[in-house]
1. Suppose we keep only residues that are among the polar types (S, T, N, Q) and in a helix (DSSP H, G or I) within the stretch 235-275. Which one would you say is most open to solvent (accessible area, probe 1.4 Å)?
2. Filter the stretch 111-149 for residues that are of a type in the set (G, A, S) and at pLDDT 95 or above and give the result.
3. State whether one or more residues within the stretch 40-60 are open to solvent by less than 30 Å² (accessible area, probe 1.4 Å), at pLDDT 95 or above and more than 25 Å from W294 (Cα to Cα).
4. Among strands (runs of 3 or more DSSP E) lying entirely in the stretch 131-200, which contain 1 or more residues that are within 14 Å of the chain's Cα centre (by Cα) and crowded, with 21+ Cβ neighbours inside 10 Å?
5. Does the stretch 10-29 contain any residue that is open to solvent by 20 Å² or more (accessible area, probe 1.4 Å), closer than 27 Å to P167 by Cα and at pLDDT 95 or above?
6. Looking at the stretch 121-133 only, could you name the residues that are among the β-branched types (V, I, T) and in contact with a helix residue (DSSP H, G or I) (Cβ under 7 Å, 6 or more places away or on another chain)?
7. Does at least one position in the stretch 323-340 carry a residue that is within 26 Å of N66 (Cβ to Cβ), buried (at least 18 other Cβ atoms within 10 Å of the Cβ) and not basic (K, R)?
8. State whether the residues of the stretch 263-278 include one that is more than 24 Å from L54 (Cβ to Cβ) and among the aromatic types (F, W, Y).
Amino acid sequence: SDPIPAEKIEGSPEVIDGKFNDMGNALDMSFTDYVSTTWDFLFTRNDRTPDTELPVKQVDLSHFNNPGSGQLNVTWLGHSSLMVNIDGYKILTDPVFEKRISVFGPTRFNGDVPLDIQQIPKMDAVIISHDHYDHLNKFSVQRLIEKANTFIVPLEVSALLIDWGVPQDKIVELDWWQEYSLDQKLMVVATPAQHFSGRGITDRNKTLWASWVIQTPYHKLFFSGDSGYFGGFKQIGDKYGPFDMTFIECGAYGESWPKVHMFPEQTVQAHQDLKGNVLHPIHWGTFNLALHPWYEPMVRLTAAANVKNVKTATPIVGETTVYDMRIPAARWWEKPMKLSRG
């Protein structure tokens, strides 16, 4: 399939004055908020990173490589990076294998990714949710060019990939609610998210961000990318649900930016809006991106999930969740959390 031509962007419902509309400027912080947040970020400690090494598991590639249909297994590589095997189709989401993600950016506080990127086999698709550094990583993209058949991205993100050497005919660019079928069985849909984009000072909202639906005749999953809590989850659930598994962000939230990242209780609500079965929280426990303690997202999320009777998958980094067979449920963060708190 050819990439969406540039003219498509002009007609996109999300574009206002050449920029994608982040639903009323989602990152609308006052100058005072900005200064106080920056001050807190630089000078408060608050257990934002663990005092001890977090557990990791070397990735067992046999799950990802299993060609059989009738299976869904997902390996968490930390943050929003997932290795998905859905009925034998192999997909990577937001792959970030680099330890430091930008010149000034944070470093992974849970060590290296427990898999050498060179070991990743040929696969069907890489899906990118948006262009922020902790989701779109040049080092990783360039090493996956030969391995991935297709890169599926939101509108306008293809320019960066082409710049990094990805052939244009390997890129599929989608607007919200656009469906792309890789073949008769595998469909990927770009769905709305409430966030923003940009990798520098001058390119705010020049590219689109998205959440994603991945489905075959046998399984369906939802991948949130980054998003604040909004009515879109219910719309997506009504149109494409129910989902076997949802992978929803639950970390890097703050009182000053409630529109662009969810609080953990909202993650559980989003999962219910989507009509999900198993909730697999992502976007936590990897990078120091907010002011809350590193373990707080899971303390709050598991408490809210218990109240609402929601099934959760809580693997350690590198561990595989096998749907309907092995759902990791250990609260492995509790021991390092106690050490962090002293």
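The values are calculated or read from the model by the stated rules, or taken from the named source; none is laboratory data. This one's a predicted model, so the numbers in the text were calculated from it and none came from an experiment. All Cβ positions, even for glycine, are placed from backbone atoms using ideal geometry, and neighbour counts span all protein chains on display. The protein model used for the area step is the full one, side chains on, heavy atoms only, and it has no ligands, DNA or RNA in it. Shrake-Rupley method; radii C 1.70, N 1.55, O 1.52, S 1.80 Å.
1. Filtering the stretch 235-275 for residues among the polar types (S, T, N, Q) gives 235, 246, 256, 266-267, 269, 272.
Subsequent filtering for residues that are in a helix (DSSP H, G or I) retains 235, 266-267, 269, 272.
Values: Q235: 107, Q266: 54, T267: 0, Q269: 60, Q272: 70 Å².
Among residues in the stretch 235-275 that are among the polar types (S, T, N, Q) and in a helix (DSSP H, G or I), the one most open to solvent (accessible area, probe 1.4 Å) is Q235.
2. Of the residues in the stretch 111-149, the ones of a type in the set (G, A, S) are 111, 125, 129, 140, 148.
The answer is A125, S129, S140, A148.
3. Within the stretch 40-60, none of the residues are open to solvent by less than 30 Å² (accessible area, probe 1.4 Å), at pLDDT 95 or above and more than 25 Å from W294 (Cα to Cα).
4. Details: elements: 148-154, 171-174, 179-181, 187-191.
The strands (runs of 3 or more DSSP E) meeting that bar are 148-154, 187-191.
5. The answer is no, given that none of the residues of the stretch 10-29 is open to solvent by 20 Å² or more (accessible area, probe 1.4 Å), closer than 27 Å to P167 by Cα and at pLDDT 95 or above.
6. At the first step, the residues of the stretch 121-133 found to be among the β-branched types (V, I, T) are 126-128.
Result: V126, single match.
7. Just the residues of the stretch 323-340 that are within 26 Å of N66 (Cβ to Cβ), to begin with: 323-330, 332.
Those left that are additionally buried (at least 18 other Cβ atoms within 10 Å of the Cβ): 323, 332.
From what's left, not basic (K, R): 323, 332.
Within the stretch 323-340, one or more residues are within 26 Å of N66 (Cβ to Cβ), buried (at least 18 other Cβ atoms within 10 Å of the Cβ) and not basic (K, R).
8. The answer is no, given that none of the residues of the stretch 263-278 is more than 24 Å from L54 (Cβ to Cβ) and among the aromatic types (F, W, Y).
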